[in-house]
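Heads up, the thing below is written out as structure tokens.
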Amino acid sequence: MSAITTTDLNGILPLIARGKVRDIYEVDAQTLLFVATDRISAYDVIMENGIPQKGQLLTQLSEFWFEFLKPYVKTHLIETDDIFKSLPKELSEDKYRSQLEGRSLLVRKYKLVPLEVIVRGFITGSAWKEYKTSGTVHGVKAPEGLQESQEFPTPIFTPSTKAEQGEHDENISVEKAEEIVGKELCDKIGKLAVELYSRAKEYAAGRGIIIADTKFEFGVTEEGELVLVDEVLTPDSSRFWNASTYAIGKGQDSYDKQFLRDWLTSNGLNGKDGVSMTEDIAQRSREKYIEAYEALTGKKWA
């Protein structure tokens, strides 16, 4: 089983962006094709090799969450039983279908809100690092005496800048986010993001997974309605912990990229270009993605 780390549609649809994971094509003036490759990045660096089926796992988990959250927020997903019916017929050929099937989403194009909308339910990662140094999270005073991986009294909205590929997102205060997008829109985003996170967190808890934090992205319609876009509640955009082994005061068993990050750090490779994962790391990472998918959706991964 080989990983698909890049796609090539031979100009049938114009490629408008290659992200850390997604290749984005324009179908028409209102429609995009999101293709999740098997690329994986850590510390803002893309690995040289990928994780087989990762893109399909991310896509199908995002589809699950888009459906779950549909009663509470408009989404950019165009629902269809067969995306190939909406694409140029040439893309049904095997050489293209093999690149697209199971890992592609048709989505509507919206004006993007230029923020990474992070919601944290537990203190970990960069928030824990900042808290240990200054007692703050994104510049805001946090309760005293928190331990690593402890749950916050209530989930908090902690935005960051949306960096270009290869650059680092920067944690910012809510006040700074208000300067970027305006107070009214920032308030709406923060309130909605916390609601969506809370609903997902409650659902996942019943499936044995703690969603410690997650990153949402939003677009906005011409009428000003918020739209949930990009991927949603995947191991790439969230920290998923195993509830059965959870204990405060330490790092947690994780279903996300922390497994890869730990390997990079222990080998002195974090932040370095040109790194390839070992076959063992790639396979074990794949197994983590599958575990999370199966636990959350209740479906067996084929």
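The values are calculated or read from the model by the stated rules, or taken from the named source; none is laboratory data. Since this is a predicted model, take the numbers as computed values, not measurements. As a convention, Cβ positions derive from the backbone with ideal geometry for all residues, glycine included, and neighbour counts pool all protein chains shown. SASA here: full protein model, heavy atoms, side chains in, ligands and nucleic acids out. Shrake-Rupley method; radii C 1.70, N 1.55, O 1.52, S 1.80 Å.
Things to note:
- Condition check for Tyr96: surrounded by 16 or more Cβ atoms within 10 Å (Cβ to Cβ) and at pLDDT 95 or above: yes
- Among the residues of the range 28-42, those identified as more than 12 Å from Asp236 (Cα to Cα) and part of a loop (DSSP other than H, G, I, E, B) are Ala29, Gln30, Thr37.
- In the set Leu87, Leu57, only one residue is more than 26 Å from Glu279 (Cα to Cα) and aliphatic (A, V, I, L, M); that residue is Leu87.
Quick grid of which residues meet (1) modelled with pLDDT of 95 or more; (2) touching a Phe, Trp or Tyr at 6+ places or on another chain (Cβ under 8 Å):
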residue	(1), (2)
Val113	yes, yes
Ser126	no, no
Glu130	no, no
Val137	no, yes
Val140	no, no
Gln150	yes, yes
Gln165	no, no
Glu178	yes, no
Lys201	yes, no
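- Test: Ser160 is open to solvent by less than 30 Å² (accessible area, probe 1.4 Å), touching a residue at least 12 places away in the same chain (Cβ under 8 Å) and among the hydroxyl-bearing types (Ser, Thr, Tyr): yes
- Subset of the range 254-301 that is free of Cβ contacts under 8 Å to residues at least 24 places away in the same chain and among the β-branched types (Val, Ile, Thr) - its residue that is surrounded by the most Cβ atoms within 10 Å (Cβ to Cβ): Ile281
- Qualifying residue in the range 176-188 (condition: in a helix (DSSP H, G or I), in contact (Cβ under 8 Å) with a residue 12 or more places away in the chain and surrounded by 19 or more Cβ atoms within 10 Å (Cβ to Cβ)): yes
- Annotation: of all residues in the range 225-239 being in contact with a helix residue (DSSP H, G or I) (Cβ under 8 Å, 6 or more places away or on another chain) and part of a loop (DSSP other than H, G, I, E, B), the one that is farthest from Ser149 (Cα to Cα) is Glu231.
- Residue within the range 242-253 that is of a type in the set (Phe, Trp, Tyr), open to solvent by less than 20 Å² (accessible area, probe 1.4 Å) and touching a strand residue (DSSP E or B) at 6+ places or on another chain (Cβ under 8 Å) present: no
- Residues of the range 121-151 that are over 17 Å from Gly251 (Cβ atoms) and open to solvent by less than 40 Å² (accessible area, probe 1.4 Å): Gly135, Thr136, Val137, His138, Ala142.
- Some residue of the range 43-56 being part of a strand (DSSP E or B), modelled with pLDDT under 95 and surrounded by fewer than 22 Cβ atoms within 10 Å (Cβ to Cβ): yes
- Yes/no for Glu231 being acidic (Asp, Glu) and touching a residue at least 40 places away in the same chain (Cβ under 8 Å): yes
- Candidate set: the range 206-222, residues that are modelled with pLDDT of 95 or more and among the charged types (D, E, K, R); chosen: the one surrounded by the most Cβ atoms within 10 Å (Cβ to Cβ): Asp213
- Note on the range 243-260: residues that are modelled with pLDDT of 85 or more, out of contact with any Ser or Thr (no Cβ under 8 Å at 6 or more places or on another chain) and not β-branched (Val, Ile, Thr) total 4.
- Subset of the range 243-302 (residues that are more than 21 Å from Arg207 (Cβ to Cβ), of a type in the set (A, V, I, L, M, F, W, C) and not in a loop (DSSP other than H, G, I, E, B)): Leu260, Trp263, Leu264, Ile281, Ala282
- Of all residues in the range 43-68, those that are of a type in the set (Ser, Thr, Tyr) have Cβ atoms under 8 Å from Cβ atoms of residues that are assigned to a helix (DSSP H, G or I), 6 or more apart or on another chain, in Tyr43/Arg261; Tyr43/Leu264.
- Among the residues of the range 11-27, those that are open to solvent by 40 Å² or more (accessible area, probe 1.4 Å) and not in a strand (DSSP E or B) comprise Gly11, Ile12, Pro14, Lys20.
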